[in-house]
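A short worksheet on the structure shown next.
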Amino acid sequence: MGVPIDGKKVAISYKEKLKKFIQNRLENGLRPPCIASILIGNDKGSLFYIRNQHRLCTEVGVEFKSIILEENVPEKSVLDAIDKLNVDPNIDGVILQMPLPSYLDEEKIISRINHLKDVDGLTDINAGKFYKGEKCFTPCTSQGIIELIKSTGIEISGKKAVVLGRSTIVGKPVAQLLVNEDATVTICHSKTRNIEKICREADILVSAIGKPRFITEDFVKEGAVVIDVGFSVLDGKMVGDVDYEKVLPKASFITPVPGGVGSMTPIMLIKNTCEVLK
């Protein structure tokens with residue numbers, strides 16, 4: 001029987017470390033870290049996420065500045081807002097809520113963020129540094145996935161890992177982070193043949209494809225670590241890519257949805273922001 005990986009518990013341990021770091025700054029007469037979040041429009045999912053970000057920042061002691069722009073805001077206004085945050089000495093991290101409205105040039109806007117404040121690791125400069133192995137910010141969800149795997153106590157080095165999904169936000173960066181940990185990594189996607197067979201060979205299986213309950217026990221090697229990044233609503237219930245109840249008996253460790261990977265992303269964002277000030 002697999003052991004659920006408690007993302008909330010791992011996140012709390014990180015939260016306590018960050019609280020101590022911020023408290024130490026305050027005791028030394030230094031200001032707390034500050035994150036600025038930009039949202040275009042009023043997407044309910046993004047607004048919910050921002051409220052959670054704000055709540056977590058308040059709990060840890062980080063200042064949170066929310067910039068909400070109207071739905072049809074001109075691109076120049078978005079770029080101007082980013083420029084102001086880039087030069088503001090009291091802003092340490094800048095994040096852009098995705099996805100952007102289709103009429104905006106996503107790459108142009110992301111690249112406008114100062115890479116030294118790009119705590120979500122999305123700019124071309126940070127992406128380039130990341131794949132060259134240089135110090136930089138990396139996408140928060142991918143960082144959180146690695147921390148969850150490490151929390152199980154297993155040795156990543158030498159393991160065979162399979163990542164389902166090749167997005168620049170999760171799939172590709174988590175694959176690279178696993179390589180950095182000396183795993184042998186295969187990336188699967190919509191054009192991959194024999195995907196079930198490939199997944200069954202994995203010691204570590206990470207799914208980030210957004211297909212509810214796509215991963216059944218037939219995809220999973222006995223004793224594998226299964227990380228479910230997916231998030232969908234099925235029959236009014238939040239579910240992941242993994243058919244949790246069917247896979248649980250076969251896995252050694254598995255993340256639930258909710259309560260797994262999603263718990264780590266915002267705390268990694270705060271961690272990155274604190275790194276700016278170290």
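The values are calculated or read from the model by the stated rules, or taken from the named source; none is laboratory data. For clarity, every value in this text was computed on a predicted model and none was experimentally measured. When we count neighbours, we look across all protein chains shown, and the Cβ atoms used for this are built from the backbone with ideal geometry, even at glycine.
Looking at the range 179-191 only, could you name the residues that are part of a loop (DSSP other than H, G, I, E, B) and more than 18 Å from Val242 (Cα to Cα)?
Matches in the range 179-191: Glu181, Asp182, Ala183, Lys191.
Hey, among Gly223, Gly171, Gly165, which residue is in contact with a Gly (Cβ under 8 Å, 6 or more places away or on another chain) and at positive phi?
Just one listed residue meets the conditions, Gly165.
Would you point out which residue out of Glu196, Glu222 is of a type in the set (Asp, Glu) and either within 21 Å of the chain's Cα centre (by Cα) or in a loop (DSSP other than H, G, I, E, B) (or both)?
Of Glu196, Glu222, the one residue that is of a type in the set (Asp, Glu) and either within 21 Å of the chain's Cα centre (by Cα) or in a loop (DSSP other than H, G, I, E, B) (or both) is Glu222.
Evaluate the range 101-122: report whether one residue or more is surrounded by fewer than 16 Cβ atoms within 10 Å (Cβ to Cβ) and within 18 Å of the chain's Cα centre (by Cα).
Looking for residues that are surrounded by fewer than 16 Cβ atoms within 10 Å (Cβ to Cβ) and within 18 Å of the chain's Cα centre (by Cα), one finds none in the range 101-122, hence no.
Which residue is surrounded by the most Cβ atoms within 10 Å (Cβ to Cβ), if the candidates are limited to the range 1-25 and must be outside any helix (DSSP H, G or I) and not acidic (Asp, Glu)?
Among them, the one singled out is Ile5.
Could you tell me whether any residue of the range 138-145 is assigned to a loop (DSSP other than H, G, I, E, B), in contact with a Ser or Thr (Cβ under 9 Å, 6 or more places away or on another chain), under 22 Å from Pro258 (Cα atoms) and of a type in the set (Ser, Thr, Tyr)?
No, the range 138-145 contains no residue that is assigned to a loop (DSSP other than H, G, I, E, B), in contact with a Ser or Thr (Cβ under 9 Å, 6 or more places away or on another chain), under 22 Å from Pro258 (Cα atoms) and of a type in the set (Ser, Thr, Tyr).
Give Ser232, Ser207 a once-over and let me know the one that is modelled with pLDDT under 95, surrounded by 15 or more Cβ atoms within 10 Å (Cβ to Cβ), touching a Gly at 6+ places or on another chain (Cβ under 7 Å) and under 20 Å from Asp6 (Cα atoms).
Ser232
Identify all residues within the range 241-277 that are touching a residue at least 12 places away in the same chain (Cβ under 8 Å) and charged (D, E, K, R); write none if there are none.
Asp241, Asp243, Lys246, Lys250, Lys271, Glu275
Report yes if some residue within the range 237-247 is at pLDDT 95 or above and hydrophobic (A, V, I, L, M, F, W, C); otherwise report no.
For the range 237-247, residues at pLDDT 95 or above and hydrophobic (A, V, I, L, M, F, W, C): present.
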